[in-house]
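Trainee: I have a structure here, written as structure tokens, and I will follow up with some questions on it.
The values are calculated or read from the model by the stated rules, or taken from the named source; none is laboratory data. None of the values given here were measured: they were computed from a predicted structure. Note that we place each Cβ from the backbone using ideal geometry, even for glycine, and neighbour counts take in every protein chain shown. Please note that ligands, DNA and RNA were not included when accessible areas were found on the heavy atoms of the full protein model with its side chains. Shrake-Rupley method; radii C 1.70, N 1.55, O 1.52, S 1.80 Å.
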Amino acid sequence: MTIAMAIPGLDPSLYIPELKARTKEPVLTQLVEVVHRAGVVRGVGPLLELLRLRERLGTTAIGKGVAVPHARSLTVDRPSLVVARSRRGVEWDAPDGLPANLILLILSPGEWGEEAHHAFLARAMGALRLQRNRQRLLEAESFTEVATVLREVHP
């Protein structure tokens with residue numbers, strides 16, 4: 001079974017081994033630029049504004065060094081998952097006060113219903129539940145290793 005079957009939208013062009021930015025706003029911009037270059041979205045402006053709005057409603061940091069910004073939008077052509085890491089950490093207003101070292105951007109097409117989007121979100125977040133999985137994702141030396149961790153969690 002391929003990783004795309006387990007978690008749709010994951011591919012090597014959507015993997016950022018080390019984020020350049022150290023704060024939320026530039027990280028969101030970098031994430032959106034990556035999905036735009038990969039042909040996942042049409043235009044960066046509307047998606048970036050939607051993600052900013054979501055963050056204003058409440059942080060998407062879930063604690064334990066993890067943030068999961070997400071959106072369902074008509075600008076998204078296909079379900080996608082960006083896996084990004086920051087060894088230094090990114091300030092994300094987490095409930096536990098810790099910076100985010102793992103950031104998953106989860107995007108669903110606007111045609112998907114809320115239930116499908118939330119199922120995709122829950123499935124991707126499931127990989128981050130256990131500390132050992134988070135550690136393995138942080139220590140992975142390649143996209144292949146990241147995909148292996150995610151494949152083991154969602155066979």
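Trainee: Give the carbon-plus-sulfur fraction of the accessible surface of the chain in %, rounded to a whole number; probe 1.4 Å, heavy atoms of protein chains only.
Mentor: Roughly 57 percent of what the probe reaches on the chain is carbon or sulfur.
Trainee: Stokes-Einstein at 4 °C, 1.567 mPa s, Kirkwood radius from Cα pairs: D for the chain in µm² s⁻¹?
Mentor: The Stokes-Einstein estimate is 85 µm²/s.
Trainee: Could you calculate the FRET efficiency of GLU111 with ARG56 from 1/(1 + (r/R0)^6), where r is the beta carbon distance between them and R0 is 30 Å, rounded to 0.05?
Mentor: My answer for the efficiency is 0.75.
Trainee: Continuing with this model, one more query. I'd like to know which of GLY65, MET125, VAL83 lies farthest towards the positive end of the charge dipole of the chain, counting +1 on Cβ of Lys and Arg and -1 on Cβ of Asp and Glu.
Mentor: GLY65
Trainee: Could you sort LYS20, LYS64 by their accessible area in this structure, using a 1.4 Å probe and putting the largest first?
Mentor: Order by accessible area, largest first: LYS20, LYS64.
Trainee: Still on this structure: Counting only GluC sites (Glu not before Pro) that sit in a DSSP loop (anything but H, G, I, E, B) with at most 10 other Cβ atoms within 10 Å, what is the longest stretch of the chain containing none of them?
Mentor: 19-110
Trainee: Given the options LEU102, LEU74, LEU31, state which has the largest fluctuation in a GNM of the chain using a 10 Å cut-off (strictly under) for Cα springs.
Mentor: Result: LEU74 has the largest fluctuation of those listed.
Trainee: Out of the trypsin sites (Lys or Arg not before Pro) in the stretch 106-155, which ones are loop residues according to DSSP with at most 13 other C-beta atoms within 10 Å?
Mentor: ARG129
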